[in-house]
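The structure appears right after this line, and notes come after that.
Read-outs: derived from the displayed coordinates by stated rules, not from any lab. If you're wondering where the values come from, they're calculated on a predicted model, not measured in any experiment. Cβ: placed from backbone, ideal geometry, glycine included. Neighbour counts: every protein chain shown.
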Amino acid sequence: MSESPAPTQRRLPLYGVSAGALVVSSTALTLAVRSDGPLPGEVATARWVHENTPAVIDQFADLIDPVLTDMAAPVVFVAIVILVWWRWGRYPAVLLGLAGACTGLTRLGDLVERPRPTQSVEWSGYSFGNGGYPSGHVVFSVLVLGTVAVLARRHAPPRTAMWIVGAMTLLITVTSWSRVSRLEHWPLDVVGGGLMAAAGLMGIIWLHPRLATLVAGRPLLCRLLRPPADPPANDHPAA
């Protein structure tokens with residue numbers, strides 16, 4: 001009688017399909033929003049979110065928004081990397097650094113010449129460097145804070161990991177919602193940023209156990225990265 005595949009092996013095809021679906025959907029959405037004007041439903045959705053969001057959410061967003069601007073985000077990111085290095089080691093810090101490098105791609109320029117909504121929820125003229133697609137705040141929060149949550153589940157004690165994952169989830173949710181409620185972005189700017197960042201996050205999850213294997217035969221890299229002796233059991237194995 002043949003042996004049944006291990007649980008992680010059974011999850012591998014589903015994981016690949018999910019990652020591929022994120023890449024395809026984010027690419028399709030990027031092509032769709034290239035039209036000159038909001039897509040059907042965006043104006044109504046943005047207006048409803050703006051008018052019906054509880055004040056406490058926007059007030060909370062006022063506190064976290066300044067640390068995610070183009071000027072402050074790199075400083076905040078370096079601080080998070082140092083904290084991760086201090087608490088969990090060099091290997092998780094390197095993986096977080098790779099996640100942060102991915103967010104930098106969205107800062108090089110606007111993928112689509114798409115203006116931000118006006119305060120009256122209308123389409124306006126586009127100006128270079130002030131475009132809305134994808135939302136940089138969403139890309140940063142999903143990819144960087146999401147990576148912190150993933151690393152916490154693998155390197156922090158269970159109770160601590162639970163609190164970190166909850167806090168990161170709250171920050172990601174409020175950041176994404178408030179970009180629309182404060183009329184900083186159209187809804188699909190947020191969705192597009194979320195899809196791209198989620199695809200990158202799945203890449204980090206995939207890389208976590210494999211990076212240690214890749215450097216195993218390279219003593220210099222091993223000394224630099226200090227990978228864990230044994231990859232965590234809940235990580236996805238190599239195909």
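Return the long-range amide H neighbours of residue 112 (sequence gap of 5 or more, or a different chain), with a cut-off of under 5 Å between placed amide H atoms.
Excluding prolines and chain starts, which carry no amide H, the hits are 133.
Please report 201, 111, 63 as a ranked list, fewest other C-beta atoms within 10 angstrom at the top and most at the bottom.
Working: 201 22, 111 17, 63 9.
Placing the least packed residue first, the sequence is 63, 111, 201.
So for the pair residue 28, residue 101, with labels modelled 7 Å out along Cα→Cβ, what separation do we get in nm?
Each label point lies 7 Å from its Cα, and together they span 3.1 nm.
Go through region 27-38 residue by residue and turn each phi into a ³J(HN,Hα) via Karplus (6.51, -1.76, 1.60, θ = phi - 60°); whole Hz please, and just put x for glycine and proline.
Those phi angles translate into 5, 4, 5, 4, 5, 5, 7, 6, 5, 7, x, x Hz.
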